[in-house]
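The values are calculated or read from the model by the stated rules, or taken from the named source; none is laboratory data. In this text the structure is predicted, and so the values were computed from the model without any measurement. With ideal geometry, Cβ positions are generated from the backbone for all residues, glycine too; neighbour counts draw on all protein chains shown.
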Amino acid sequence: MKRSRKIELIFLFGIGIVTSVCSIMRMLSINQVKKDGNNWGLVLWGSAEMNTGVSNSYVRYDIFFANININRSSAAVYPV
């Protein structure tokens, strides 16, 4: 496997780990809301989880589908 491909996959899994940490922190902050009603941590970690998840899906698309070349000239042409 090429070195650049390995770096891309390490980056991909790294973002996945960050997303998992954000999810765990969000779950832990639910107890804080139960104790004192402060939902600041819940909003913070929920937003962080969502944003890293979205960026992870973009990176995944870029890594796995960017190298696929579709030959559009060989597509079937239907008469009108």
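Odds and ends about this structure:
- Some residue of region 45-56 being modelled with pLDDT under 90, exposed (fewer than 13 other Cβ atoms within 10 Å of the Cβ) and not acidic (Asp, Glu): yes
- Hits in region 29-41 - residues which are surrounded by fewer than 12 Cβ atoms within 10 Å (Cβ to Cβ) and part of a helix (DSSP H, G or I): 31, 34, 35, 36, 40
- Residues in region 1-10 that are touching a residue at least 40 places away in the same chain (Cβ under 8 Å) and either among the aliphatic types (A, V, I, L, M) or closer than 15 Å to residue 53 by Cβ (or both): 9 only.
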